[in-house]
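Chemist: Take this structure first; my questions come after.
The values are calculated or read from the model by the stated rules, or taken from the named source; none is laboratory data. All figures in this text were calculated on a predicted structure; none of them were measured in a lab. Virtual Cβ from ideal backbone geometry, glycine too; neighbours counted across all protein chains shown. Accessible surface is based on the protein model in full, side chains and every heavy atom, while ligands, DNA and RNA are left aside. Shrake-Rupley method; radii C 1.70, N 1.55, O 1.52, S 1.80 Å.
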Amino acid sequence: MFRRESSIPLRCSAAALCNNLSVLPLPVRNLTHFGVVHGPSAQLLSAAPEGVPLAQRQLHAKGGAGVSPPLITQMYESDGSVMVYWHALGSGDASPVQAVFARGIAASGHFICVGEGAKSRALGVLRYGGMGFGQKMLKDCVADVVTADDSGLLCVWRSGPEFKLLTQIPGFGVPCPSVQLWQGTVAAGYGNGQVRLYEASTGILHVQINAHARALCALDLAPEVGKLLSAAEDTFVHIWKLSRSPESGSIEVEHCHGECVPDTQVCGARFCDPSGSSFAVTGYDLAEILRFSSV
């Protein structure tokens, strides 16, 4: 069971974007950092365990020049105090009237992977030293990146100087806005409210969950305990327990908790710690981050 804790106020409301919440717990410093996008800017907050906001920064995107500006990636210290790096990926083969925008970003080893919203290039890769990421072992190979598109096509990659495509899992005409990778399993959330679990090395479907009544907007994993969080536009957040059967090797799923966030178009949800004992939620036009903790 989870209970509602005190909310964290925002200077501006969250934009209606899928996965519009990032959480970085820092147990050594007894702090948690939150990130939320609003228009062309991002809000970064530092909060104490009881939810008291300690600092809040507004970070603005760098503007490009010309008719078709490049896609610019900016990297900051975790508290937003210093911009440590920025990079213009460029518009590739996109026409002057075709928009180029980011659809997702993830770290893998020494690489930052940026999913682009133009057909000219599906995955932009930056090399950036000092960025760690837990790799997932898949039989004879290592897969650590999963991408998805508006058709629901999933691609499983191994990062390195040259990214290698390991598996393609066909889509079925429904957008997939959020994906996660856990112990050789791909968890994918779709626009029809389904959550599907695939074997990353073969693309075999383990489980299909009719989790939500409307489009899914966020997935997250608590890697230490195998908990999966799903959130959707139906105002519900669900938590599932994943496990692998020792006999058959198949993935088993148990529903642990469901939380309704009434009168809210949920757009982001994340666990606040690796054990999955707390989570946070953002909503469109909602000027606060909602917090929940286990009891």
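Chemist: Computing the accessible area with a 1.4 Å probe over protein heavy atoms, can you report the carbon and sulfur percentage for segment 137-234?
Modeler: Values: 1970 of 3960 Å².
On segment 137-234, the fraction of accessible area on carbon and sulfur atoms equals 50 percent.
Chemist: Quick one: work out Rg over Rh on the C-alpha atoms of segment 1-56, Rh as Kirkwood radius.
Modeler: Values: Rg = 11.9 Å, Rh = 12.1 Å.
My calculation puts Rg/Rh at 0.98.
Chemist: Mind giving me the nanometre distance, one decimal, between the label points for Asn210 and Ser243, set 7 Å out from Cα along Cα→Cβ?
Modeler: In this crude spin-label approximation the distance works out to 2.6 nm.
Chemist: Find how much the distance from Gln183 to Leu165 grows on full extension, using 0.36 nm per residue of separation minus their present alpha carbon separation; answer in nm with one decimal. Don't skip to the end; give the middle numbers.
Modeler: Working: separation 18, 0.36 × 18 = 6.48 nm, distance 1.80 nm.
Stretched fully, the Gln183-Leu165 segment lengthens by 4.7 nm.
Chemist: Now a separate question. Tell me the net charge near Leu10. Cut-off is 14 Å between Cβ atoms, Leu10 excluded, with +1 for each Lys or Arg and -1 for each Asp or Glu. Let's see the in-between values first.
Modeler: Values: positive: Arg11, Arg57, Arg291; negative: Asp285, Glu288.
Every neighbour counted, the sum reads +1.
Chemist: Here is a follow-up. With every protein chain kept in place and ligands, DNA and RNA left out, what is the accessible area per residue of segment 142-190? Probe 1.4 Å, answer in Å².
Modeler: On the way: 1930 Å² over 49 residues.
Computed with neighbouring chains in place, this is 39 Å² per residue.
Chemist: Quick one: length gained pulling Met75 to Asn192 fully straight, 0.36 nm per residue minus the C-alpha distance?
Modeler: On the way: separation 117, 0.36 × 117 = 42.12 nm, distance 3.32 nm.
Result: 38.8 nm gained on full extension.
Chemist: Continuing with the same structure: Add +1 for every Lys or Arg and -1 for every Asp or Glu among the other residues with Cβ under 9 Å from the Cβ of Val207, and state the total.
Modeler: Overall, the nearby charge balance is 0.
Chemist: Binning every alpha carbon pair distance of segment 176-295 at 5 Å from zero, what are the percents per bin?
Modeler: 2, 12, 24, 24, 19, 11, 5, 2, 1, 0
Chemist: What share of Cα pairs, in percent, lie more than 16 angstrom apart in segment 255-295? Spell out each step's value before the answer.
Modeler: Numbers: 293 of 820 pairs.
Summing the P(r) tail past 16 Å for segment 255-295 gives 36 percent.
Chemist: If R₀ is 25 angstrom, what is the calculated FRET efficiency for the pair Thr202 and His255, using the beta carbon separation as r and rounding to 0.05? Before the final figure, lay out each step's value.
Modeler: Numbers: r = 26 Å, r/R0 = 1.04.
That pair, Thr202 with His255, gives E of 0.45.
Chemist: Further, regarding this structure: Run the numbers for Asn30 and Thr264: contour at 0.36 nm per residue of separation, minus the present Cα-Cα distance, in nm. Before the final figure, lay out each step's value.
Modeler: Working: separation 234, 0.36 × 234 = 84.24 nm, distance 2.98 nm.
Once the chain is fully extended between Asn30 and Thr264, it gains 81.3 nm.
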